[in-house]
Amino acid sequence: MESIKQIFKIGYGPSSSHTMGPLKAAQRFLQETRGAASRRVTLYGSLAATGKGHLTDKAILDALLPDAPCEIVWQPDIFLPFHPNGMKFEAFDSEGNMMADEVVYSIGGGDIVREGESRQPAHNVYEMSTIREILDWCDKNGMSYWEYVDRCEGPDVWDYLREVWQVMSEAVERGIEAEGVLPGGLGIRRKAVSYYVHAAGYADSLKSRGLVYAYALAVSEENASGGKIVTAPTCGSCGIVPAVLYHLYKSKNFSEKRLLRALATAGLFGAVVKHNASVSGAEVGCQGEVGVACAMAAAAASQLFGGTPAQIEYSAEMGLEHHLGLTCDPVCGLVQIPCIERNAYAAARALDANLYAAFSDGRHSVSFDRIVEVMKQTGHDLPSLYKETSQGGLAVIN
């Protein structure tokens, strides 16, 4: 199983699969085809269906146009067999002869693979790839999930997570100060500042909930504006983990060391899902984005509050279980409706999952690993119109 650094990627919104992935693919193709007179990029399936709203074409052209002319071809009705987010890159010489071509897939969370490559990492950081195995290891050795991360990743992971936490915190703080209308044409005004101000007028319990909403909205709105964020595990769900951790940091005064340990725990649960299923909305729907982020945030909160490994697993299981079947149906292909609101709601649900698990001894009937299996199958059973194509669900409501 790969490093949790692949779950927490620092970059710019609005979409990890539709913006960050295509940009990375375009930059790599540029390096491999220096001297080309022109290029053509064909976008297929989900990338073509919602690419304009996600700024896919802008990301690709920003990389390729400074070097040579580039044409974008849109093929929303053609789905390549490996993954819904397919791209074909072609480079031509001055006489129009093809110099090079390759098919690349953006598989979620900013990751890309070439046609024929394995989706699994060439180098596995973690020996174990299920929470059951890791939980048994924790129980046997009297340790917690973050200690397993430390054992497998080494000490440099903490410097990386420190940078992740800094970017997350800055995104919250920028977002609760920003005002105005989000780009994209839907006319959606930023709401984080309003929620933040209104929260101050309520008693403690409602104030707490209002602040969590505000922090999640802040990061999600920054993402929708193309701001600097951290995938957790994707851009579309990037507001959930920061909202929960920032709220607990501010309200409970947890130390940075404990926050980084909570991030490590969250990353481990996200990595397990990514390894065994998917975090791509185009592949499994929003359950793989917001659902997984809710599970990660619930695990992080439980870690912070001193939950046992079993209670942490239970928190994460509830966070994912109660998002099963969630569709990815963005209006106009923008990461705004219903994505931003879902981040706020899921952040609050993550705290509820932690509280529910804290009242228990951690024993429950359905394991986190089983929920991951069900999520994968559910995602594969969802029709394509509910998987980031903007052809069904909320996306077609006028």
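The values are calculated or read from the model by the stated rules, or taken from the named source; none is laboratory data. Remember, it's a predicted structure, so these values are computed and weren't measured experimentally. Note that we place each Cβ from the backbone using ideal geometry, even for glycine, and neighbour counts take in every protein chain shown. What goes into the accessible areas is simple: the full protein's heavy atoms, side chains included, and nothing from ligands, DNA or RNA. Shrake-Rupley method; radii C 1.70, N 1.55, O 1.52, S 1.80 Å.
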Where a residue in the range 34-45 is free of Cβ contacts under 8 Å to residues at least 60 places away in the same chain and under 25 Å from F79 (Cα atoms) and its partner, wherever it lies, is assigned to a strand (DSSP E or B) and of a type in the set (S, T, N, Q), with Cβ under 8 Å and at least six apart: T42/Q75; L43/Q75; Y44/Q75
Output for the range 75-132, where each listed residue is under 21 Å from G288 (Cβ atoms), without any contact (Cβ under 8 Å) to a residue 60 or more places away in the chain and over 20 Å from the mean Cα position of the chain (by Cα): L80, P81, F82, E117, S118
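Results for (1) assigned to a helix (DSSP H, G or I); (2) of a type in the set (A, V, I, L, M, F, W, C); (3) modelled with pLDDT of 95 or more; (4) open to solvent by 30 Å² or more (accessible area, probe 1.4 Å), shown as yes or no for each residue.
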| position | (1), (2), (3), (4) |
| --- | --- |
| A357 | yes, yes, yes, no |
| V366 | no, yes, yes, yes |
| I371 | yes, yes, yes, no |
| M375 | yes, yes, yes, no |
| T378 | yes, no, yes, yes |
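Answer yes or no: is there a residue in the range 299-314 that is of a type in the set (V, I, T), in a helix (DSSP H, G or I) and farther than 16 Å from V366 by Cβ. Don't jump to the end; show me each part of the working.
Looking only at the range 299-314, we keep the residues that are of a type in the set (V, I, T), and these are 308, 312.
From what's left, in a helix (DSSP H, G or I): 312.
After this cut, where a residue has to be farther than 16 Å from V366 by Cβ as well, the list is none.
No: zero hits.
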Residue within the range 56-77 that is part of a strand (DSSP E or B) and out of contact with any helix residue (DSSP H, G or I) (no Cβ under 8 Å at 6 or more places or on another chain) present: yes
Breaking point among (1) in contact with a Pro (Cβ under 8 Å, 6 or more places away or on another chain); (2) outside any loop (DSSP other than H, G, I, E, B), for G362: (2)
Residue satisfying all of: in the range 272-283; part of a helix (DSSP H, G or I) and at pLDDT below 95; most open to solvent (accessible area, probe 1.4 Å) among these: E283
Residue list for the range 248-262, restricted to those being within 20 Å of the chain's Cα centre (by Cα) and open to solvent by less than 10 Å² (accessible area, probe 1.4 Å): L259, L260, A262
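Tell me, which residue of the range 101-120 that is out of contact with any Ser or Thr (no Cβ under 8 Å at 6 or more places or on another chain) and closer than 15 Å to V273 by Cβ is least open to solvent (accessible area, probe 1.4 Å)? Explain how you work it out, then say what you get.
Of all residues in the range 101-120, those out of contact with any Ser or Thr (no Cβ under 8 Å at 6 or more places or on another chain) come to 101-105, 111, 113-120.
Now drop any that are not closer than 15 Å to V273 by Cβ, which leaves 111, 119-120.
On the way: D111: 19, R119: 82, Q120: 86 Å².
Here the residue is D111.
Is it true that Q75 is surrounded by fewer than 19 Cβ atoms within 10 Å (Cβ to Cβ), polar (S, T, N, Q) and touching a Phe, Trp or Tyr at 6+ places or on another chain (Cβ under 9 Å)?
Details: surrounded by fewer than 19 Cβ atoms within 10 Å (Cβ to Cβ): yes; polar (S, T, N, Q): yes; touching a Phe, Trp or Tyr at 6+ places or on another chain (Cβ under 9 Å): yes.
Yes; evaluated as a whole, the condition is true for this residue.
How many of the residues making up the range 163-189 are of a type in the set (S, T, N, Q) and without any contact (Cβ under 8 Å) to a residue 24 or more places away in the chain?
Applying the first criterion (of a type in the set (S, T, N, Q)) to the range 163-189 yields 166, 169.
Subsequent filtering for residues that are without any contact (Cβ under 8 Å) to a residue 24 or more places away in the chain retains 166.
Of the residues in the range 163-189, 1 are of a type in the set (S, T, N, Q) and without any contact (Cβ under 8 Å) to a residue 24 or more places away in the chain.
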Residue that is least open to solvent (accessible area, probe 1.4 Å) [pool: residues in the range 144-162 that are free of Cβ contacts under 8 Å to residues at least 60 places away in the same chain and part of a loop (DSSP other than H, G, I, E, B)]: G154
Listing of helices (runs of 4 or more DSSP H) fully contained in the range 169-266 that carry 2 or more residues being over 24 Å from W146 (Cα atoms) and of a type in the set (D, E): 204-224
Residues of the range 284-312 satisfying the condition of being acidic (D, E) and surrounded by fewer than 24 Cβ atoms within 10 Å (Cβ to Cβ): none
Subset tally (residues that are modelled with pLDDT under 95 and assigned to a helix (DSSP H, G or I)) for the range 381-398: 7
Selection count, the range 1-35, where residues are over 14 Å from P66 (Cα atoms), open to solvent by 10 Å² or more (accessible area, probe 1.4 Å) and aliphatic (A, V, I, L, M): 2
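Of the residues that make up the range 323-341, is at least one over 16 Å from G236 (Cβ atoms), at pLDDT 95 or above and part of a helix (DSSP H, G or I)?
Filtering the range 323-341 down to residues over 16 Å from G236 (Cβ atoms) leaves 324-325.
From the residues that got through so far, the ones that are at pLDDT 95 or above too are 324-325.
Now narrow it down to the ones that are part of a helix (DSSP H, G or I): none.
Scanning the range 323-341 turns up no residue that is over 16 Å from G236 (Cβ atoms), at pLDDT 95 or above and part of a helix (DSSP H, G or I).
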